[in-house]
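The values are calculated or read from the model by the stated rules, or taken from the named source; none is laboratory data. The shown structure was predicted, so the numbers you read here are calculated from the model rather than taken from an experiment. Virtual Cβ from ideal backbone geometry, glycine too; neighbours counted across all protein chains shown. Side chains are part of the model used for accessible areas, which takes the heavy atoms of the whole protein and leaves out ligands, DNA and RNA. Shrake-Rupley method; radii C 1.70, N 1.55, O 1.52, S 1.80 Å.
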Amino acid sequence: MLTGNQQPDHSRISDFRRRHLGALAGLFVQVLKVCQKAGLVSLGHVALDGTKLRANASKHKAMSHERMLKSERQLEGEMRALLRKAELIDAQEDGQYGKGKRGDELPEELQRRSSRLEWIRKAKAELEAEAAAAKARQREEQAEVAEQEAAEAQASGDEQRSKRAARRARGVRKRADDAQKLAMEKAEASGLELSTVATPAESDALPMPARTLPTDAAGNPKPSAQRNFTDPDSHILKSGDGWIQGYNCQAAVDGDHQVIVAIGVSNQASDAVHLLPMLERIQANTGQQPDVFIADAG
C-alpha cells in the first residue's frame, strides 16, 4: 500500500531509513506502546537471542597495533628509498634537460605509500587515544572508590586504618591523574576531543556492552589491539560463517504475538553479557519485566 505495489530495492529502503533517522528514532517504542494497548504484549514469556551481522567494512581492513607499528616503519623506509631514487632521477634529468624543466609532483608509487602511511598513522593515533581514554576512566573509578574508603576509614576513628586508606587513596589518585594526562596527550595527538573518545555504549542512555581494548598498565594499547580503518566501532566476531567484521545484534521477543520488545547492538562478541542490559531495555520500553525470561545456555 505504501509503495503502490512497487517493489523498491533494499538499498532504496536503507537510504530512506538513513535519511530519516531522526524522525524514526522514537518509532520503535511508539509502535511497541500501541501493541501493548492493543493487548498484543503480555510479557508472560519473553525470549532473548543474538546474531552476528556484518559491518559495512572488510575484516581485512582491520590492523593490530603491532602491525601498525611494523607497517609504519616499513613504509617510512620505502618512502626514504623512493625519495633517494627520485633525487637521483631528478639530478640525471637536470643534466639531460636542464634544471627546472620537469614538474615536481610526487611519483605515483610514492603517493600511494604516502597516503597509506597517513591512514595507518591516523588509525594508530586514534587507537592509542581510545585505549588511553578507557584506561583513564578505569583509573578514575578506582580513585573514587579508594577515596570513599579513605573517608569511611577516617570516620571510623581508627587512626592506623585511616592512614593506610589515605596513603592508598593518594597513590590511586596519582595513577588516575597520570592516566588522564596521557589520555589528553593521546587525544590531542589524534586530533580528537577527549570527550568524543568514547565507545558507542558510553554515549547511550541504556548502554550495551562494548569491547575493551587490551592495554598495558600505563594505558598504551597492547600489540593485539585492533582497529578497522573503514568502521572503527565494529569488531572481529565469530559467527556461524566464520570470523566477520561486524556487530552483535540482540532482540527480545514477547511470546504471545512475537512482538519485539527490546533491541540492542554492540561490538561485544559474548551473548552472556547482554542479558542484564536487555532486561533494562525491556523495563524502559514497556514499564515492566517479563514473568518468564528465556535465553540460550550461553
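Evaluate region 196-208: report whether one residue or more is farther than 30 Å from Ala284 by Cβ and either open to solvent by 30 Å² or more (accessible area, probe 1.4 Å) or modelled with pLDDT of 85 or more (or both). No, region 196-208 contains no residue that is farther than 30 Å from Ala284 by Cβ and either open to solvent by 30 Å² or more (accessible area, probe 1.4 Å) or modelled with pLDDT of 85 or more (or both). Scanning region 232-256 for residues that are within 23 Å of Ala25 (Cα to Cα) and at pLDDT 90 or above returns Tyr247, Asn248, Cys249, Gln250, Ala251, Ala252, Val253, Asp254.
Against the numbered list (1) more than 17 Å from Ala251 (Cα to Cα); (2) modelled with pLDDT of 85 or more; (3) surrounded by 11 or more Cβ atoms within 10 Å (Cβ to Cβ), Val31 comes up short only at (1).
For region 258-281, the criterion of being more than 20 Å from the chain's Cα centre (by Cα), modelled with pLDDT of 90 or more and in a loop (DSSP other than H, G, I, E, B) is met by at least one residue. The residue pairs whose first member lies in region 11-32 and is within 23 Å of Val261 (Cα to Cα), whose second member is among the charged types (D, E, K, R), and whose beta carbons are closer than 8 Å, counting only pairs six or more residues apart or on different chains, are Leu24/Arg17. Against the criterion of being part of a loop (DSSP other than H, G, I, E, B), of a type outside the set (S, T, N, Q) and more than 16 Å from Gly44 (Cα to Cα), Ala251 does not qualify. Checking each residue in region 37-59 for being out of contact with any Leu (no Cβ under 9 Å at 6 or more places or on another chain) and more than 29 Å from Asp241 (Cα to Cα) picks out Lys37, Ala38, Gly39, Leu40, Ser42, Leu43, Gly44, His45.
In a residue-by-residue description of region 157-164, the property of being open to solvent by 30 Å² or more (accessible area, probe 1.4 Å), closer than 16 Å to Asp216 by Cβ and at pLDDT below 85 applies to no position.
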